[in-house]
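> Below is the structure I would like to discuss, written out as structure tokens.
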Amino acid sequence: MLAALTGAGLSAAAGLNAYIPFILVALIARFTDVINLPHQYAWIESNWAIGIAAVLLLSEVVLDKVAIVDHVNDAVGTFVRPATGGLIFAASTAAEDFEQGSTFMQDNPWVGVLLGIITAGIVHTGKAVTRPVVNTTTGGLGTPVVSAAEDGAALTLSLVAIFLPVLVIFVLLFLLWGAFSLWRRQRRRRAQRDQLMADAGYS
């Protein structure tokens with residue numbers, strides 16, 4: 001159960017920023033005993049994997065904070081974030097099973113990959129849908145603020161997933177509530193705007 005929560009939390013974080021949970025897992029696996037990756041996932045903690053992920057993280061952090069450019073970044077993320085979520089879910093749950101002497105997730109990696117893709121895909125979709133709302137309502141000024149908040153949420157969720165996985169469910173519920181609140185607020189504003197336009201046309 002805890003392994004699934006860890007995988008869910010990390011893949012959800014990947015839906016916000018693909019590279020934060022990847023680098024975090026890689027560094028913790030490499031320099032501590034908190035995560036012990038099975039041999040098929042050992043490449044994640046290699047120098048080249050960490051280096052490439054660090055460069056990609058830097059570009060993600062910069063590009064995602066520029067209005068309009070962030071839409072292109074989200075389009076690319078449609079493929080990258082779910083894929084990373086699937087990989088991290090599979091790797092983290094396999095690591096947990098490895099420590100417990102189980103081989104299920106190692107023998108059936110597709111289970112973790114599928115669950116991770118779905119989880120990250122849902123979070124990414126929410127991010128991609130709500131970001132245009134932020135850009136439109138704030139004239140692009142809110143883009144870097146929201147992007148920074150998303151990066152912070154990805155880092156926090158990743159740390160919680162690794163060290164306090166039981167809390168993941170509450171963090172995910174909070175993220176869902178936030179996304180739903182933003183969507184409902186925008187829907188209300190759109191309805192008010194349409195009503196004002198209709199009233200102006202009528203008069």
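The values are calculated or read from the model by the stated rules, or taken from the named source; none is laboratory data. Quick caveat, the model's predicted, so the values are computed rather than measured. Note that each Cβ is placed from the backbone with ideal geometry, even for glycine, and that neighbours are counted across all protein chains shown. All accessible areas refer to the heavy atoms of the entire protein, side chains included, with ligands and DNA or RNA removed. Shrake-Rupley method; radii C 1.70, N 1.55, O 1.52, S 1.80 Å.
> Spot the failing condition for Ile52; the list is (1) under 26 Å from Ala128 (Cβ atoms); (2) in a loop (DSSP other than H, G, I, E, B), and only one is missed.
Of the numbered conditions (1) under 26 Å from Ala128 (Cβ atoms); (2) in a loop (DSSP other than H, G, I, E, B), the odd one out for Ile52 is (2).
> Could we say that Arg81 is in contact with a helix residue (DSSP H, G or I) (Cβ under 8 Å, 6 or more places away or on another chain), among the charged types (D, E, K, R) and surrounded by fewer than 18 Cβ atoms within 10 Å (Cβ to Cβ) here?
Considered against the rule, which asks whether it is in contact with a helix residue (DSSP H, G or I) (Cβ under 8 Å, 6 or more places away or on another chain), among the charged types (D, E, K, R) and surrounded by fewer than 18 Cβ atoms within 10 Å (Cβ to Cβ), Arg81 comes out as no.
> For residues in the stretch 40-71 being more than 11 Å from Asn17 (Cβ to Cβ), of a type outside the set (D, E, K, R) and in contact (Cβ under 8 Å) with a residue 40 or more places away in the chain, which is most open to solvent (accessible area, probe 1.4 Å)?
So the residue we want is Ile68.
> Then there is this: State which residue pairs qualify: first residue in contact (Cβ under 8 Å) with a residue 40 or more places away in the chain and inside the stretch 111-130, second residue outside any helix (DSSP H, G or I) in any location, beta carbons under 9 Å apart, and separation of 6 or more residues or different chains.
Ala120/Ala18; His124/Ala18
> Could you please let me know if Val66 is part of a helix (DSSP H, G or I) and of a type in the set (A, V, I, L, M)?
When the stated conditions are applied, Val66 does not pass them.
> Now for a different question. Given (1) more than 24 Å from Gly121 (Cβ to Cβ); (2) over 20 Å from the mean Cα position of the chain (by Cα); (3) touching a residue at least 60 places away in the same chain (Cβ under 8 Å), identify the lone condition not met by Leu37.
(1)
> Just wondering, is there one or more residues in the stretch 23-42 that are under 21 Å from Val129 (Cα atoms) and aliphatic (A, V, I, L, M)?
Quick first cut of the stretch 23-42, residues under 21 Å from Val129 (Cα atoms) only: none.
No, that holds for no residue.
> Still on this structure, please answer the following. Return yes when Asp151 is among the charged types (D, E, K, R), in a helix (DSSP H, G or I) and open to solvent by 50 Å² or more (accessible area, probe 1.4 Å) and no when it is not.
Spelling it out, it is not the case that Asp151 is among the charged types (D, E, K, R), in a helix (DSSP H, G or I) and open to solvent by 50 Å² or more (accessible area, probe 1.4 Å).
> Right, something else. Test each condition in (1) under 27 Å from Val34 (Cα atoms); (2) open to solvent by 50 Å² or more (accessible area, probe 1.4 Å) for Gly139 and report the one that comes out false.
The number of the failed condition is (1).
> Picking from Asp74, Asp33, which residue would you name as being among the acidic types (Asp, Glu), in contact with a His (Cβ under 9 Å, 6 or more places away or on another chain) and either assigned to a loop (DSSP other than H, G, I, E, B) or open to solvent by less than 60 Å² (accessible area, probe 1.4 Å) (or both)?
The unique qualifying residue is Asp74.
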